[in-house]
Amino acid sequence: MGGVKELGERPQEKVGPLELIAFLCELAMLVLLAVAGIAMMDSLLGRVLVAIALPVAAAGIWSVWMAPTSRRRLPNPSRLYAQVALFAAVGLVVGPTTGWLVGAAFFVVSAVVFAERYRRELRTT
């Protein structure tokens with residue numbers, strides 16, 4: 001039914017280019033952590049375990065405190081601080097294995113994108 005909102009339904013969020021880039025940053029975080037996990041270990045079992053554990057840990061943190069559908073989502077600006085801290089940690093983890101330029105570029109791009117999303121959120125409230 002058009003216009004009728006179900007109980008407990010969240011409002012539809014606008015999806016534009018910035019939201020797409022933010023989502024790609026989230027995916028890049030998981031891929032970079034998996035690649036770093038593979039490069040960190042010598043044994044095949046170690047590579048597989050770390051390549052799975054690192055992205056799962058990041059996804060778990062994200063899903064609990066930062067995901068739009070989380071019941072425990074942090075309010076801004078705390079959420080932005082947590083996101084930037086997570087991006088910094090990922091940059092530091094992937095730097096030694098994939099190159100410091102890759103880690104730094106991931107951190108800078110992700111932090112700027114999510115800071116801009118926060119800035120736009122402030123303007124609309």
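Bear in mind that the values in this text are calculations on the coordinates, not laboratory data. Worth saying up front: this structure is predicted, and the values here are computed from it rather than measured. Cβ atoms come from the backbone with ideal geometry, glycine included; neighbour counts cover every protein chain shown.
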Which whole-Hz ³J(HN,Hα) couplings does the stretch 18-35 yield from phi under the Karplus relation 6.51 cos²θ - 1.76 cosθ + 1.60, θ = phi - 60°, glycine and proline marked x? 5, 5, 5, 5, 4, 5, 5, 5, 4, 5, 4, 4, 5, 5, 4, 5, 5, 5
How would you rank 35, 15, 94, going from fewest to most other Cβ atoms within 10 Å of each one's own Cβ? 15, 35, 94
Starting from 0.36 nm per residue, how many nanometres of slack lie between residue 98 and residue 67 once their C-alpha separation is accounted for? 8.5 nm
